[in-house]
Amino acid sequence: MKRQAVYLRKQLEKIRKNKLFELTVISIIIISALLIGAKTYEEASRFDRVIYWLDWGVTAFFLVEIIIRLLSERRFINFFKKGWNIFDFIIVTASLIPMDYSEMVLLARLLRVFRVLRLVSMVPELRILLSALVKSLPRMGYVALLMFIIFYIYGAIGSFLFHEVNEKLWGNISLAMLTLFQVATFESWATAVLYPTMEHFPYSWIYFLTFIFLNAFVFLNMMIGIVLDVMQKESALYEIETGEGEAAEIHWMRENMETLREQMDRIEAKLDK
């Protein structure tokens, strides 16, 4: 009995690691996304029954797929040690909510929309991108805080100087910051904001150009730099975990050596004191 269980687990593990199986899962996720999009068109009401059964077919496939992944683990608990597996399990089990009852239709539809996110868990490159984005958020938060300070300072200055030009744009600091946000996004800022202001204050272009330089060039590039730095580290870690790329392992070792040196220097500095 034990041998049969081990044999079954190995066979299921082969299926799980099979590239064709992975491509099939990705294809079904895309089909699921198309079904969700089709429901938003009125013309699709003629095919309600077909879409309904296709939707349940997709749900059944996802259920079978998650069972295969569960049974292919040596222990069930190992499956739930990975965050992406927990995410897939929640999405699949939530999709089992029936759509027959009017009270649950909206909830069921909303939960089925999130099945598209399973593409992220299935494609390693997308996982690296999302992981890098999440890990870079704390560092990006400091840049965002600095941006808010600059917005606040420029908003206060703009409200003091330009409130007579247009009360709707510069009447108070809140309106001024919203106006500056429009300037930062380059949305019709020249004709709607810059030129009317320059008619009363010819040198106001200095105010706007310095603000744009700080936000659109300096802070934006800082954000991009943070994300790229974290993405590079995440890619190196992924290559080490998957056994790909000797260069990635060397890069990882160098980073750890640098961190270790910094810690040793701090210890030596404390001992000298």
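Is the shape of segment 1-90 rounded, prolate or oblate, going by the alpha carbon gyration tensor and its root eigenvalues a ≥ b ≥ c, with a/c under 1.5 for rounded and a/b larger than b/c for prolate?
Prolate, because a/c is 1.5 or more and a/b exceeds b/c.
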Kirkwood Rh in Å, taken over segment 31-79 so that all alpha-carbon pairs contribute: 12.6 Å
With the full set of protein chains in place, find how many percent of the accessible area of segment 1-57 is carbon and sulfur; take the probe as 1.4 Å. 65 percent
Rounded to the nearest percent, how much of the accessible area of segment 168-245 (1.4 Å probe, protein heavy atoms only) is carbon and sulfur? 68 percent
Average accessible surface area per residue within segment 115-197, 1.4 Å rolling probe, Å²: 57 Å²
Does segment 114-159 come out rounded, prolate or oblate, given a ≥ b ≥ c as the square roots of the eigenvalues of its C-alpha gyration tensor, rounded meaning a/c under 1.5 and, failing that, prolate meaning a/b above b/c? prolate
In segment 146-248, which GluC sites (Glu not before Pro) fall in coil by DSSP and have 14 or fewer other Cβ atoms within 10 Å? Glu164, Glu187, Glu244
May I ask you to list the trypsin sites (Lys or Arg not before Pro) in segment 1-78 that are in a DSSP loop and have at most 13 other Cβ atoms within 10 Å of their Cβ? Arg74, Arg75
Return the whole-Å distance between the Cα centroid of segment 164-202 and the Cα centroid of segment 207-229. 20 Å
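The values are calculated or read from the model by the stated rules, or taken from the named source; none is laboratory data. Keep in mind that this is a model prediction, so the values were computed, not measured. Every residue, glycine among them, receives a Cβ derived from its backbone with ideal geometry; neighbour counts consider all protein chains shown. Protein only, heavy atoms only, side chains kept; ligands, DNA and RNA dropped before computing areas. Shrake-Rupley method; radii C 1.70, N 1.55, O 1.52, S 1.80 Å.
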